Amino acid sequence: MRTTRRQFIKVSALGAGSLAVAASTLKWSAASSLFAGADASQAFTRSPTYCEVCFWQCAGWVYKDNDGRIQKIVGNDEDLHCNGRFCPRGTGGVGMYHDTDRLKTPLIRTVVDGEETFRVAGWDEALDYIAARMKEIASRYGPECVALFTHGSGGAHFGHMLKAFGSQSITAPSFAQCRGPREVAFLTTFGDIVYSPERTDIRDTKCLVLIGSHLGENMHNGQVQEMSDAIDKGATIITVDPRFSTVAGKSKFWLPIKPSTDMALLLAWIHVLIENGWYDKEYVERYTYGFEELKAHVKPFTPEWAYGITTIDPHVIRQTAKEMFNASPAVIIHPGRHVTWYGDDTQRLRAVAILNALLGSWGRRGGFYNPEKAEVPEYPVPPFPQPKRMPTEAYEGKYTLANEVVSNGLCEATIPTTDKSCNFKIWFVNGTNLMAALPDQETTLKAIDALELMVVIDTMPTEITGYADVILPECTFLERYDMLRKSPHREPNIALRMPATEPKYNSKPADWMARELGIRLGLEAWFPWNNIEEMLDWQLKQIGSSLEEMKRIGVKKFPRTADDLYFAPGEDISFNTNTGKIELYSTDMENEGFNPLPVYTPHEEPPEGFYRLIYGRAPMHTFSRTANNPNLTDLMDENTLWVNPKVAKMWGLKSGQYVKLSNQDNKVSTFSIRVRVTERIRWDSVYMVHGFGHNNTKLSRAHGRGVNDTELITRVKIDPVMGGTGMRGNFVTFVFDTDGKEAAV
Amino acid sequence: MREELIVSGRMNHLVDPNLHIWHWHIPLYLFLGGLAAGILFFASLYTILGKENEYRTAVKIAPFITPFILIIGLIALFLDLNHKLYFWRLYTTIRLESPMSWGAWTLMVVTPISFIWCALNIRELFPRWKWPHSLLDTAEAFFRKNIRTLSWILLIFSLILGVYTGILFSAFNARPLWNTSILGPLFLASGLSTGAAVIIFMSKSHRERMVFARIDLMLIGIEIFLIVHMFMGFLASTQVHIDAASLFLGGPYTTPFWLFVVTLGLVIPAVLEFLELRGFRVPHLIAPTLVIIGGFIFRFIIAYAGQESRWLY
Amino acid sequence: MRYAMAVDTKKCVGCSDCVVACQTENNVPIGYCRDWIVEVTDGTYPQLELEIRSERCNHCDNSPCVRCCPTGASHYSKGGTVLVTPDECIGCGACIASCPYDARFPHPDGHVDKCTFCLHNRVEKGLKPACVSVCPTKCMYFGDLDDPNSEVSVVLKKRKWKTLIPEAGTRPQHYFLI
Ligand SMILES: Nc1nc2c(c(=O)[nH]1)N[C@H]1C(S)=C(S)[C@@H](COP(=O)(O)OP(=O)(O)OC[C@H]3O[C@@H](n4cnc5c(=O)[nH]c(N)nc54)[C@H](O)[C@@H]3O)O[C@H]1N2
Ligand SMILES: Nc1nc2c(c(=O)[nH]1)N[C@H]1C(S)=C(S)[C@@H](COP(=O)(O)OP(=O)(O)OC[C@H]3O[C@@H](n4cnc5c(=O)[nH]c(N)nc54)[C@H](O)[C@@H]3O)O[C@H]1N2
Ligand code: SF4
Ligand code: SF4
Ligand code: SF4
Ligand code: SF4
Ligand code: SF4
Ligand SMILES: [Mo]
């Protein structure tokens, strides 16, 4: 990593001693607890929450034992996201609370003997310091120079504070590093996005097509549950993945595609459907725009053509297309979620959207339902000031179809250039480890280097905290309130998160921090409530509930306002597109100068001796945030490098051995990774789970364990349509050096 | 390629990645148990046969070490327990199906008898021995009067003890290497053989040594026969048994077993004893020493290799 | 009554939720587990097959661990479950060595521990075992084999199944739907 003015500091190189906090709460094996636990379960008290280990936000109950210690979390039976069952990460969420490596107190960057370090600060001191710096910097550059990078619940509180201060530059890695391309593709096609939780009606589908979407490893709870229900009901699963994923093992058809060639397969499928008349003619007729153009466009894309590109047998392409048609409209060509792969991702997802449109699955049972969200009024505050600059100006003229703020756009705009005055001088970073989430770390570091103030709000000493000027330790989701969850689903619903216990150490909830900061910035008018309970209670009373009721039930469902979960037969629908139709031929794309119909572009292939680096999820971890969780590291404490036996033989690699990796730009991994020789991966690729290879030594379980894929993703293919960062165009080779491993042990 | 992985990170202490719940304690305990069984077997046998004076070492001298070895064995067993404070639970129940229970109870019988046996022969070592209390004189008289009954009890229990040292392992169906009924007789033979070796070692009488050399030679023959049969049995059995045997046939235990146990612990002493019986002059301590060491290593190897052998599924 | 469990290998995704849930429910110390996941891959790319199993003590009908226990700490309990009474266990390890499935382990407190089918803390209170009730894919079935209408009886009637190492003769009561 290159040296910057802002040196990376290992949080609490000091801290620990001065904190004198009992590190004893992690006491699972309390003698004789085995059977005592059984009786104690009777006296368990429970309080509602929704899970923050990932963004599926399952609602559940936190149980405490007789001593008031958090014992377990289980799903709320009423909750549509989890149906009473948490996923392993949620169940292991208790480990987040118990982790003794947590951030324990506010810290401020300071220089001692020429060395940058953190010093322990009180809350008043830290907040006063931030407020004073913000005022001073804003007086020079305007309040628009503040940006908020956030992923998680705290974003609502800090976002509110930021808007009141005068900036709307709020961004999350869940757009340009994640679902952005699909939302833009579906928006341009159907006039609506896919949402989270996805509106896929997997429960009732007859055919589920997963393209690089590895459900089962991607443990988004409701989808995995519904997939299992679908298997029970005999649904066909078709998986397109270069890797033999878990769900490939459960699929009737596994298409072991050559990575980066999915577009060819999709075009061939469209070709086959149209050539054979295997599409919903009435639906296409009634609802879509541009069918003839599409038909002409895909004419040359025969399965035989695709075979040469994808290596998928033409017969299988036809067979799977037929399978989809037979199931239609109860078929889902799944849009995926993390879809920023090769830089032409919006176009690929457009092809997915088109397939769904041809099969008539949008708005149909077993396809895509129409979700509805509970309407909850906001606590009344004065209108926010109108910023002089909107965030999109940071990337003026680019990514014109992005419907959310592009994180990498803001990041780049932070780096001063000669032709453009810098937009951002202050970053708030809440609940996102940008060093793992954003590819091309060098650019991120350059941006951070240019900042005058960086405030990181986190629960753990992850990498990003090391670059902060001020670290604010947030308590975990088990120790705080947050805004009501009101996500779109089959039924409108809300869920409450409340603290099961007092915040541990000297940590605080984000809502408190944001309000305290707001007051120090003179923004009292936007924080008229005394505390979040008052605000939530007010909101709940507007919809006929109350905080008291929600504390008892946790989740509340409301009737749908209209009976429109699916389209009624023959119903006339006006779609929110330029033509009011489902746009097979996208006028939005055309207007912005992009291909109105998806085209195949070949992508670079690994050079001799290199392998494509592909990555994904393990069901028991979430990105980089759980890598230190004691309960979850118990299940998996490092990532492994999947290597095909043929490749292993060539390189003399054995399962269990550690290697480093070097990418096409000679970037060598900081640590070593354990090889897993397996038939489940192709010979032109290697695979690892994202989120490991932490280099902060204060993460006692995660430090030095495995390799961080992000540091090897130095080459990014930007999607011109919406700014997504394509991350799968990187190639690695093996470096035999076990130093990293030794350092770790 | 078949890949079988535990993907939930299971790493249970002493169980993963390979069973290693038993370390030196159990094989030492079994070795000492077998050795004591061997000595006490010969002591009681020759008492019953009325040859106390012909085989003085076997009957009167060698048994002196048995209380010590049995106690050391019991200490080893105790140290092996993970829940030591509950040790006494062993003696609140008799579990006929549990070799551990059998062993505990057998030792409960054999150990006191070994003390009594020493007491009865204490004057062999300390001719002027006097019991500090007259009650003990009465007790001595009582046992001396019933020496034949006592010998029969001891004979039976020392056989049980000897067999038990093998059964403890062979009862474990779960470990294919142990799961052979040959282990009982084999460990009995090995125990008797080490017992005989100790007697040879301690005996000052050439005649007694020769008799025990002949006995030992026979026992070694039996052992070799049983070992060959054991491997034939494995190789004719299921894949897991073949895998178990291959730990010794090319696997990690090949050299220790064939070199130390079979060659040095059985074949060479047998040859030496044979030559000695044929009248060649051979230093008479070599063979018994090798037998004892071989028997010792044998228990360790079986204990460790057995834990490594497993059912694959 | 005969309690039994069945896991559908066609639905199990190997997420290990059952393992964490057991840990938090039963206070299993960090670093230990009463249940675990096995993934078996067969074949050569791209002709592959995958079987995923959530495993635990099989509560065998003919269990060597009970037989070999010298104190009676390992015993059969309600519905044929095999349990360990910590206060009777001396930690000799015989039962651990006797289990062909390596389902037992020495608890750091000294006694032996293993899956209890959550008998006392859940099943006797009318709840499903913790692992069964958490499983996101609902691929686990638990109940009484003597009751033909229990979900486990029903699913075993409907589907093909196997048990692990039947040749070991332990008569396991943990079934795997295939
Ligand atoms: N190389 C690579 N990069 C990727 C991906 C990939 O697969 N590979 N995936 C992409 C995708 S899809 C996404 S959505 C993003 C995800 O990106 P992020 O959401 O940034 O993911 P994490 O790495 O988990 O970082 C989360 C941070 O939040 C902190 N945190 C956890 N809980 C709390 C809390 O309650 N409060 C606060 N204040 N902080 C908390 C954690 O300690 C951690 O530092 O990453 C993207 N980037
Ligand atoms: N357990 C767990 N679950 C999670 C998360 C987590 O951190 N942990 N994060 C959540 C979030 S925010 C997201 S965005 C989702 C992401 O989950 P998904 O959207 O399902 O997954 P991706 O990470 O895009 O895809 C990974 C899969 O793509 C395959 N792949 C790689 N290259 C190609 C290619 O060129 N073509 C095709 N067809 N396939 C390819 C890989 O082999 C791998 O199986 O997961 C969500 N669920
Ligand atoms: S899917 Fe799992 S980690 Fe995500 S919110 Fe639900 S329980 Fe939590
Ligand atoms: S919780 Fe269910 S799906 Fe997950 S590993 Fe366990 S049995 Fe399989
Ligand atoms: S699986 Fe093992 S521990 Fe469980 S009853 Fe069977 S033999 Fe005993
Ligand atoms: S370890 Fe405990 S339960 Fe197991 S056999 Fe020994 S006494 Fe019985
Ligand atoms: S039945 Fe209970 S004890 Fe057994 S594995 Fe499941 S949760 Fe654990
Ligand atoms: Mo994501």
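Each reported figure results from applying straightforward, stated rules to the coordinates on display, with no laboratory input. All figures in this text were calculated on a predicted structure; none of them were measured in a lab. Virtual Cβ from ideal backbone geometry, glycine too; neighbours counted across all protein chains shown.
Give me the residue from the range B:69-89 that is within 21 Å of the chain's Cα centre (by Cα) and free of Cβ contacts under 8 Å to residues at least 24 places away in the same chain and, out of that set, farthest from ligand 6 (Cβ to nearest atom). In this case the residue turns out to be B:ILE75.
On the stretch given as the range B:19-52, residues that are in contact (Cβ under 8 Å) with a residue 24 or more places away in the chain and either under 30 Å from B:ALA174 (Cβ atoms) or not in a helix (DSSP H, G or I) (or both) total 20.
For A:THR188, are the conditions met, namely being in a helix (DSSP H, G or I) and of a type in the set (Ser, Thr, Tyr)? Yes; evaluated as a whole, the condition is true for this residue.
A single member of C:ALA97, C:ALA4 is aliphatic (A, V, I, L, M), more than 9 Å from every other protein chain (Cβ to nearest Cβ), buried (at least 24 other Cβ atoms within 10 Å of the Cβ) and more than 29 Å from A:THR236 (Cβ to Cβ), and it is C:ALA4. Out of curiosity, is C:SER54 facing another protein chain (nearest Cβ under 9 Å) and within 16 Å of ligand 4 (Cβ to nearest atom)? Answer is yes for this residue.
Quick grid of which residues meet (1) in contact with a Ser or Thr (Cβ under 8 Å, 6 or more places away or on another chain); (2) within 14 Å of chain C (Cβ to nearest Cβ):
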{"site": "B:PRO17", "(1), (2)": "no, yes"}
{"site": "B:PRO27", "(1), (2)": "no, yes"}
{"site": "B:ILE39", "(1), (2)": "yes, no"}
{"site": "B:ASN53", "(1), (2)": "no, no"}
{"site": "B:THR57", "(1), (2)": "yes, no"}
{"site": "B:ILE65", "(1), (2)": "no, no"}
{"site": "B:ILE75", "(1), (2)": "no, no"}
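Among the residues of the range A:656-675, is there at least one that is within 14 Å of chain C (Cβ to nearest Cβ) and surrounded by fewer than 22 Cβ atoms within 10 Å (Cβ to Cβ)? There is no residue in the range A:656-675 that is within 14 Å of chain C (Cβ to nearest Cβ) and surrounded by fewer than 22 Cβ atoms within 10 Å (Cβ to Cβ). Taking the criterion of being over 18 Å from A:LEU401 (Cα atoms), touching a Ser or Thr at 6+ places or on another chain (Cβ under 9 Å) and not hydrophobic (A, V, I, L, M, F, W, C), the residues of the range A:551-579 that qualify are A:LYS551, A:GLY554, A:LYS556.
Residue by residue, here is whether (1) away from ligand 2 (no atom under 11 Å from the Cβ); (2) more than 19 Å from A:TYR287 (Cα to Cα) holds:
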| residue | (1), (2) |
| --- | --- |
| A:ALA172 | no, yes |
| A:ARG179 | no, yes |
| A:ARG182 | no, yes |
| A:LEU187 | yes, no |
| A:ILE193 | yes, no |
| A:THR205 | yes, yes |
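Taking the criterion of being surrounded by 22 or more Cβ atoms within 10 Å (Cβ to Cβ), under 16 Å from the mean Cα position of the chain (by Cα) and within 13 Å of ligand 4 (Cβ to nearest atom), the residues of the range A:217-231 that qualify are A:MET219, A:ASN221. Note on the range B:93-190: enclosed helices (runs of 4 or more DSSP H) holding 3 or more residues that are more than 14 Å from chain C (Cβ to nearest Cβ) and under 30 Å from B:GLU308 (Cα atoms) are B:147-170. Among the residues of the range A:635-649, those identified as within 12 Å of chain B (Cβ to nearest Cβ) and either farther than 12 Å from A:VAL686 by Cβ or among the polar types (S, T, N, Q) (or both) are A:LEU635, A:MET636, A:ASP637, A:GLU638, A:THR640, A:ASN644, A:PRO645, A:LYS646, A:LYS649.
Of the residues making up the range A:109-135, those that are in a strand (DSSP E or B) and surrounded by fewer than 17 Cβ atoms within 10 Å (Cβ to Cβ) number 6. Taken over the range B:231-278, the criterion of being within 22 Å of B:GLN307 (Cα to Cα) and assigned to a loop (DSSP other than H, G, I, E, B) is satisfied by B:ALA236, B:SER237, B:THR238, B:LEU247, B:PHE248, B:LEU249, B:GLY250, B:GLY251, B:PRO252, B:TYR253. Among residues of the range C:7-32 that are over 20 Å from A:VAL74 (Cβ atoms) and more than 7 Å from chain A (Cβ to nearest Cβ), those with a Cβ under 8 angstrom from a residue that is more than 16 Å from ligand 3 (Cβ to nearest atom) and in a helix (DSSP H, G or I), sequence gap 6+ or separate chain, pair up as C:ASP8/C:VAL155.
Checked against the criterion of being farther than 20 Å from C:ILE96 by Cα and more than 24 Å from the chain's Cα centre (by Cα), the candidates B:THR57, B:THR111, B:THR92, B:THR106 yield just one match: B:THR92. Would you say A:HIS151 is more than 21 Å from A:GLY616 (Cβ to Cβ), touching a Phe, Trp or Tyr at 6+ places or on another chain (Cβ under 8 Å), more than 14 Å from chain C (Cβ to nearest Cβ) and touching a residue at least 40 places away in the same chain (Cβ under 8 Å)? When the stated conditions are applied, A:HIS151 does not pass them.
In summary, C:CYS115 fulfils each of the numbered conditions (1) more than 10 Å from chain B (Cβ to nearest Cβ); (2) in a loop (DSSP other than H, G, I, E, B); (3) surrounded by fewer than 19 Cβ atoms within 10 Å (Cβ to Cβ) with the single exception of condition (3).
Of all residues in the range C:1-52, those satisfying the criterion of being more than 15 Å from ligand 2 (Cβ to nearest atom) and of a type in the set (Gly, Ala, Ser) are C:ALA4, C:ALA6, C:ALA21, C:GLY31, C:GLY43.
A:ARG364 satisfies every condition listed in (1) part of a loop (DSSP other than H, G, I, E, B); (2) basic (Lys, Arg); (3) surrounded by fewer than 21 Cβ atoms within 10 Å (Cβ to Cβ) except (3). When restricted to residues that are part of a loop (DSSP other than H, G, I, E, B), in contact with a helix residue (DSSP H, G or I) (Cβ under 8 Å, 6 or more places away or on another chain) and not aliphatic (A, V, I, L, M), the range C:80-101 contains 6. Of all residues assigned to the range A:714-728, none qualifies as being away from chain C (no Cβ under 14 Å), closer than 13 Å to A:THR670 by Cβ, within 13 Å of ligand 2 (Cβ to nearest atom) and not aromatic (Phe, Trp, Tyr). Just the residues that are in contact with a helix residue (DSSP H, G or I) (Cβ under 6 Å, 6 or more places away or on another chain) and more than 8 Å from chain C (Cβ to nearest Cβ), please, taken from the range A:622-634. Hits for the range A:622-634 are A:THR622, A:SER624, A:THR626, A:ASN629.
Against the test of being in contact (Cβ under 8 Å) with a residue 60 or more places away in the chain and within 11 Å of chain C (Cβ to nearest Cβ), the options A:ARG133, A:ARG102, A:ARG89 yield a single qualifying residue, A:ARG89. Given the structure, is B:LEU70 of a type outside the set (Gly, Ala, Ser) and either surrounded by 16 or more Cβ atoms within 10 Å (Cβ to Cβ) or within 10 Å of chain C (Cβ to nearest Cβ) (or both)? It is true that B:LEU70 is of a type outside the set (Gly, Ala, Ser) and either surrounded by 16 or more Cβ atoms within 10 Å (Cβ to Cβ) or within 10 Å of chain C (Cβ to nearest Cβ) (or both).
Scanning the range C:1-48 for residues that are in contact with a His (Cβ under 8 Å, 6 or more places away or on another chain) and either on the phi < 0 side of the Ramachandran plot or of a type in the set (Lys, Arg) (or both) yields C:TYR3, C:ALA4, C:MET5, C:ALA6, C:VAL7, C:PRO29, C:TYR32. Taken together, the residues in the range C:118-150 that are away from ligand 2 (no atom under 16 Å from the Cβ) and not in a loop (DSSP other than H, G, I, E, B) amount to 12.
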